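The values are calculated or read from the model by the stated rules, or taken from the named source; none is laboratory data. These figures come from a predicted structure and were not determined experimentally. Positions of Cβ are generated from backbone atoms using ideal geometry, with glycine treated the same way; all protein chains shown enter the neighbour counts. SASA here: full protein model, heavy atoms, side chains in, ligands and nucleic acids out. Shrake-Rupley method; radii C 1.70, N 1.55, O 1.52, S 1.80 Å.
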Amino acid sequence: GVGLSDASPDEGVVEDLPLIDEKAVEQLTEGLISHYLPDLQRSKSALQELTQNQVVLLETLEQEISKFKECNSILDINALFSEAKHYHNKLVNIRNEMMMLHEKTSKLKVSGISI
């Protein structure tokens, strides 16, 4: 009875397994690869196309953003010019008023001298 208990329960099981046929494994592997490879290649090309589209989209977005930035700077310049125009008009009005005042005062002086 002692001899039986010494034997490992796995012993003898390995011997019952058929020898793995390497050729069969190779054929199965090739079969699996040929079955899944086309799908994988399609997925790969679809992903590449998607990535390229994203790159194009990002470049387009960057161009649009730079256009908006340009527009904003142009708007700022326009605002600056209209402000300058406004202040120029104010200065012209002030100058005209000064001229009128000057004329009035010189007329007053002339009339004062004649009195």
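Relative to the present Cα-Cα distance, how much length would full extension add between residue 111 and residue 90 at 0.36 nm per residue of separation? Provide the component values of the computation, followed by the final result.
Details: separation 21, 0.36 × 21 = 7.56 nm, distance 3.13 nm.
Here the answer is 4.4 nm.
Extending 7 Å from the Cα toward the beta-carbon at both residue 25 and residue 64 defines two label points whose distance is 5.5 nm.
In square angstrom, what is the accessible area per residue of region 36-115 with a 1.4 angstrom probe? Each step should come with its number before you reach the end.
Working: 7820 Å² over 80 residues.
It amounts to 98 Å² per residue over region 36-115.
Compute the Rg to Rh ratio over region 55-97 from the alpha carbon atoms, using the Kirkwood formula for Rh, and round to two decimal places. Don't skip to the answer; put the middle values down first.
Working: Rg = 18.6 Å, Rh = 12.8 Å.
Result: Rg/Rh = 1.46.
A crude spin-label estimate for the pair residue 104 and residue 52, with each label 7 Å from Cα along the Cβ direction, gives 7.9 nm. When the surface is traced with a 1.4 Å probe over the full set of protein chains, residue 105 keeps roughly 70 Å² accessible.
Under 27 Å of direct C-alpha separation, and excluding same-chain neighbours fewer than eight residues apart, residue 67 reaches these lysines: 85.
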